[in-house]
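Notes to accompany the following structure.
The values are calculated or read from the model by the stated rules, or taken from the named source; none is laboratory data. Just so it is clear, the model here is predicted, and its values are computed rather than measured. Don't worry about glycine lacking a Cβ; one is built from the backbone with ideal geometry, like all the others, and counts go over all protein chains shown.
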Ligand code: ADP
């Protein structure tokens, strides 16, 4: 059974073709620069490649190229789209409308599009891609949507409400939604399996650290709190995003710069974080390299990140009345031994001890890095959101 996983952005369509027989990736690629000019890069698992500048002005045109890349030419992996059993789509914002993955209908697409006010960059693009997919792929092929927010729908109101007037929650749905849910769900389950335990018996702090980062308290397999909020801007300092800021600083800075709300949003989402504080760049590798050379602002922003991670660990220990395991995932969490080491430093109160030499030697691999006498187990758990989307898709179409 072959499943196509699609992750659509406003100007890109990333995809993976997964054979569910052994959960292997047959091919993956990206249709980029939709509506600008257009570029497709496509790669098969056996190393064949197809890359071309092709003008696609819409998601539908990009989808047609994706189909061509999969079914024709030297890098084709299937003869026709009839070989595909289903398509699974990643959707950023499901708000409090979707608490789990669902089969796509016209109503579901309309609802996702309606939620665009809550995720302006993403949801409309998802709706475009869903409609494009429907118009290009045979109607007999079911589609499934998997939401970044769904896993966090188990948060209690005391965790998701803001101290704004209640009417704004009722009228505008302003609340914490949380993101990276697909990743947190995947890695917390994978960690429980690795520990030989039932996820229902574990209190886990899941640290997804990448360009965007979020930390989630997973109690008994359910998200009970998470660091991202109404949008993926809240929480720890990120590549170009601020993380948490005193709201008064936001209105003050907007006033000083004469920014409109959307300009201020751009400032906080694109110009801040590692980039804004260090002045070096948004990529953790560049920041770490500059920090090693003694760049003070690069050291500062690295310290800010690890200090914030530690504070989340502390607050989630309080939220869950204990922690059994902490996991690191995402580009930084899986690869940066420096960030993991610093985040676990001076955490003796919690009884957190990691094997520093082991931690330093591991990259992108499932591995326990805490010492046998550490009270809390610490693990690296590689994430795989596409695989979880494919698994959800398979489960829903099998029902
Ligand atoms: P996204 O949130 O866009 O999915 P990723 O999870 O891919 O991002 O994470 C990207 C981040 O991971 C970047 O900051 C990058 O520097 C960092 N990263 C990737 N590889 C390494 C590495 N080997 N060492 C340190 N950081 C790394």
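Answer yes or no: is there a residue in region 127-143 that is under 22 Å from residue 396 (Cα atoms), within 16 Å of the chain's Cα centre (by Cα) and free of Cβ contacts under 8 Å to residues at least 60 places away in the same chain. No, because not a single residue in region 127-143 is under 22 Å from residue 396 (Cα atoms), within 16 Å of the chain's Cα centre (by Cα) and free of Cβ contacts under 8 Å to residues at least 60 places away in the same chain. Within region 175-193, residues that are free of Cβ contacts under 8 Å to residues at least 24 places away in the same chain sit with their Cβ atoms under 9 Å from residues that are assigned to a helix (DSSP H, G or I) and surrounded by fewer than 24 Cβ atoms within 10 Å (Cβ to Cβ), at 6+ positions apart or across chains, in these pairs: 193/199.
With 292, 305, 209 as the choices, which residue is within 16 Å of the ligand (Cβ to nearest atom), within 21 Å of residue 334 (Cα to Cα) and in contact with a strand residue (DSSP E or B) (Cβ under 7 Å, 6 or more places away or on another chain)?
209
Results for (1) assigned to a loop (DSSP other than H, G, I, E, B); (2) buried (at least 17 other Cβ atoms within 10 Å of the Cβ), shown as yes or no for each residue.
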| site | (1), (2) |
| --- | --- |
| 15 | no, yes |
| 29 | no, yes |
| 51 | no, no |
| 56 | yes, yes |
| 74 | yes, no |
| 82 | no, no |
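Of all residues being surrounded by fewer than 24 Cβ atoms within 10 Å (Cβ to Cβ) and in a loop (DSSP other than H, G, I, E, B) in region 221-231, which is farthest from the ligand (Cβ to nearest atom)? Just the residue, please. Among those that are surrounded by fewer than 24 Cβ atoms within 10 Å (Cβ to Cβ) and in a loop (DSSP other than H, G, I, E, B), it is 221.
Evaluation of residue 218 against the conditions (1) within 23 Å of residue 115 (Cβ to Cβ); (2) at pLDDT 95 or above; (3) crowded, with 20+ Cβ neighbours inside 10 Å shows that the sole unmet condition is (1).
Counting the residues of region 40-65 that are touching a strand residue (DSSP E or B) at 6+ places or on another chain (Cβ under 8 Å) and touching a residue at least 60 places away in the same chain (Cβ under 8 Å) gives 3. Only one entry in 253, 237, 277 is within 15 Å of residue 214 (Cβ to Cβ) and either over 20 Å from the mean Cα position of the chain (by Cα) or assigned to a loop (DSSP other than H, G, I, E, B) (or both), namely 237.
The number of residues in region 328-344 that are part of a helix (DSSP H, G or I) and touching a strand residue (DSSP E or B) at 6+ places or on another chain (Cβ under 8 Å) comes to 10. Would region 317-327 turn up any residue that is part of a helix (DSSP H, G or I) and over 17 Å from residue 216 (Cβ atoms)? No, region 317-327 has no match at all. When 187, 144 are screened for being part of a strand (DSSP E or B) and in contact with a strand residue (DSSP E or B) (Cβ under 6 Å, 6 or more places away or on another chain), only 144 passes. Residue 351 satisfies every condition listed in (1) within 13 Å of the ligand (Cβ to nearest atom); (2) surrounded by fewer than 18 Cβ atoms within 10 Å (Cβ to Cβ) except (1).
Screening region 263-287 for residues that are more than 11 Å from the ligand (Cβ to nearest atom) and more than 24 Å from residue 122 (Cβ to Cβ) and picking the one that is surrounded by the fewest Cβ atoms within 10 Å (Cβ to Cβ) gives 279.
Do we have residue 305 as buried (at least 18 other Cβ atoms within 10 Å of the Cβ), within 13 Å of residue 376 (Cα to Cα), touching a residue at least 60 places away in the same chain (Cβ under 8 Å) and under 18 Å from the mean Cα position of the chain (by Cα) here? Taking the combined requirement at face value, the residue does not satisfy it. The test for being away from the ligand (no atom under 14 Å from the Cβ) and either surrounded by fewer than 22 Cβ atoms within 10 Å (Cβ to Cβ) or over 17 Å from residue 331 (Cα atoms) (or both) does not hold for residue 240.
Among the residues of region 111-126, those identified as free of Cβ contacts under 8 Å to residues at least 24 places away in the same chain, surrounded by fewer than 22 Cβ atoms within 10 Å (Cβ to Cβ) and in contact with a helix residue (DSSP H, G or I) (Cβ under 6 Å, 6 or more places away or on another chain) are 113, 116. You will find that of 374, 315, 398, 370, the residue that is away from the ligand (no atom under 12 Å from the Cβ), out of contact with any strand residue (DSSP E or B) (no Cβ under 6 Å at 6 or more places or on another chain) and under 17 Å from residue 195 (Cβ atoms) is 374 and no other.
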